[in-house]
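The values are calculated or read from the model by the stated rules, or taken from the named source; none is laboratory data. Because the structure is predicted, anything quoted here is derived from the model rather than measured. Cβ sites come from the backbone with ideal geometry, for glycine too, and all protein chains shown count toward neighbours. Note: accessible area is taken over every heavy atom of the protein model, side chains too, but ligands, DNA and RNA are not part of it. Shrake-Rupley method; radii C 1.70, N 1.55, O 1.52, S 1.80 Å.
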Number of protein chains: 2
Amino acid sequence: MTRATPPAKPPGRPRAGIDAVVFAATLRTVHELGYTGATMDRIAAAAGVAKTTIYRRWESKGALIVDCILDAFGPLRPESTDRVEILTSAIRLAAAKIGEPGLAAAFAGVFVDAISDPALREVLSTRLQAPYLAALQDALGEPEHRVLLFIDVVVGTLLHRMGMTGAPMVDADVDALTEMVLRQFTASDDPA
Amino acid sequence: MTRATPPAKPPGRPRAGIDAVVFAATLRTVHELGYTGATMDRIAAAAGVAKTTIYRRWESKGALIVDCILDAFGPLRPESTDRVEILTSAIRLAAAKIGEPGLAAAFAGVFVDAISDPALREVLSTRLQAPYLAALQDALGEPEHRVLLFIDVVVGTLLHRMGMTGAPMVDADVDALTEMVLRQFTASDDPA
DNA sequence: GAGTTACGCTACGATCAGTATCGATACCAG
DNA sequence: CTGGTATCGATACTGATCGTAGCGTAACTC
């Protein structure tokens with residue numbers, strides 16, 4: 001493994017390690033006030049950091065939220081070759097993460113903003129959607145449109161539930177969702 | 001049937017019938033610019049109506065959008081007693097409507113705003129969610145939590161697809177979704 | 001100590017939701 | 001035709017928010 005970061009230190013005052021604090025403050029604020037109510041001033045205040053400092057690292061509120069979601073989800077690394085297990089663990093991971101306070105609201109908010117903001121759409125697509133799609137497609141060996149439908153069903157359902165009720169989906173419903181999805185995605189080959 | 005609207009005309013200048021024009025302009029603007037980009041000034045201009053006139057009828061942007069969605073969906077009236085047919089037609093209706101230009105973005109936008117705006121949450125819940133839930137529950141004779149999961153899966157999936165791609169779900173995927181949902185919701189009784 | 005860069009702070013420009021006000025307009029009752 | 005009433009359009013305004021500019025200070029390297 002070659003060193004990815006050459007030790008050449010840049011001159012000047014080094015950046016303070018504020019990412020973790022800002023991410024936590026962001027999720028906390030979004031959880032309490034919703035995406036719209038979570039203003040950059042409030043997030044900065046909650047993090048104990050100047051707003052200008054945040055804007056030096058993230059180009060917009062949407063970009064901050066996307067990074068926040070990425071940080072919360074973490075890398076997706078399928079550990080199995082068993083299709084049932086891959087699908088099941090992906091659903092459980094999604095359910096657990098989307099159920100975390102603030103994450104669903106953050107997700108939905110950045111989603112809506114991306115519709116009218118091409119730059120944010122690009123960030124969302126490149127950093128969030130593409131990697132997870134590729135990882136799943138790679139693990140499952142399925143055609144893209146099947147994996148896309150899988151993602152739509154799982155993430156869409158979980159987000160809709162959180163948006164409707166404000167509470168995470170109960171385990172019984174997650175089980176039902178899993179059962180339903182498994183029947184569809186472990187059945188015979190793609191009929192289309 | 002007794003007359004619901006007694007003919008007592010209120011004094012003063014009658015209101016102009018602008019609802020249809022405003023709804024059309026709203027959906028058109030949301031389709032072109034997204035929920036965030038569809039400002040009330042732009043919607044009013046597109047409708048050829050003063051912004052103040054819109055605010056005389058709808059208490060907020062969110063309330064206007066909710067009415068707009070209601071108008072687009074229309075009343076839900078299950079015409080069959082066959083469970084498969086009820087579910088199938090409900091999914092097709094949802095897919096067709098959510099695929100209409102602007103509707104998905106309007107839906108998602110009002111959803112996000114409702115999280116931080118209790119008044120809007122109330123409007124959304126009372127006028128949109130409750131009626132459709134009741135109608136479906138009545139037609140299917142299923143426990144509430146099953147119908148809620150059905151709605152989450154169908155609407156959530158369709159909205160997520162529209163948000164991701166900006167284009168309506170293709171028929172083949174709607175068929176796959178229908179097939180998957182039918183297997184789950186026409187199976188043996190609620191296992192929970 | 002000189003150079004460079006990050007930080008916090010304050011102020012600012014632009015945009016948008018929603019309100020206030022005012023003259024003009026349309027309808028009804030007498 | 002006249003008075004009363006409520007709507008319409010237009011303009012101006014308030015307050016909140018995103019994002020930026022400028023400045024003095026702090027931290028780190030050479």
All lysines inside 29 Å of A:LYS97 as judged from Cα atoms, apart from same-chain residues fewer than 8 positions distant: A:LYS51, A:LYS61
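Name the trypsin sites (Lys or Arg not before Pro) in the stretch B:15-79 that are in a loop by DSSP and that have at most 11 other C-beta atoms within 10 Å, would you? Before the final figure, lay out the partial values.
On the way: sites: B:ARG15, B:ARG28, B:ARG42, B:LYS51, B:ARG56, B:ARG57, B:LYS61; in loops: B:ARG15.
Filter output for the stretch B:15-79: B:ARG15.
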Roughly how big is the protein assembly as shown's charge dipole about its Cα centre, with Cβ charges of +1 (Lys, Arg) and -1 (Asp, Glu), in debye to the nearest 20? 1960
In whole Hz and in residue order, list the ³J(HN,Hα) couplings for the stretch A:80-86 that follow from phi through the Karplus curve 6.51 cos²θ - 1.76 cosθ + 1.60, θ = phi - 60°; x for Gly and Pro. 10, 10, 7, 4, 4, 5, 4
Quick one: label points 7 angstrom along Cα→Cβ at A:ALA130, distances to the other copies in nm, smallest first? 4.6
The protein assembly as shown - Debye-derived log10 I(q)/I(0), Cα point model, q = 0.09, 0.10, 0.14 Å⁻¹: -0.58, -0.71, -1.29
Here the Cα Rg-to-2.2 N^0.38 Å ratio for the stretch B:61-185 is 1.03
Which chain B residue sits with its beta carbon nearest the axis carrying B onto A, and how many Å away is it, rounded to a whole number? B:GLY156, 2
State which stretch of chain A is the longest one without any exposed GluC sites (Glu not before Pro), exposure meaning a DSSP loop state and at most 15 other Cβ atoms within 10 Å. A:80-192
Inter-copy distances for B:PRO143, label 7 Å out on the Cα-Cβ vector, sorted ascending, nm, one decimal, are 3.9
Those residues of the stretch B:7-40 for which accessible area with every protein chain present is at least 10 Å² below the isolated value (1.4 Å probe): B:LEU33, B:GLY34, B:TYR35, B:THR36
Distance (nanometres) between label positions extended 7 Å along Cα→Cβ at B:ALA16 and B:ASP175: 4.8
Over what distance in Å are the Cα centres of the stretch B:1-75 and the stretch A:124-192 separated? 36
HN-Hα J couplings of the stretch B:39-47 from phi, Karplus 6.51/-1.76/1.60, θ = phi - 60°, integer Hz, Gly and Pro as x? 7, 5, 4, 5, 4, 4, 4, 5, 7
Only helical DSSP H runs with n ≥ 4 go in: add -39500 (n - 2.57) per run for chain B, normalise by residue count and round the 222 nm mean residue ellipticity to 500 deg cm²/dmol. -21500 deg cm²/dmol
Once the label point is placed 7 Å from Cα along Cβ, list for B:ARG13 the distances to the corresponding points in the other copies, in nm, shortest first. 6.0
Heavy-atom accessible area of B:SER125, protein chains in place, probe 1.4 angstrom, given in Å² to nearest 10, is 40
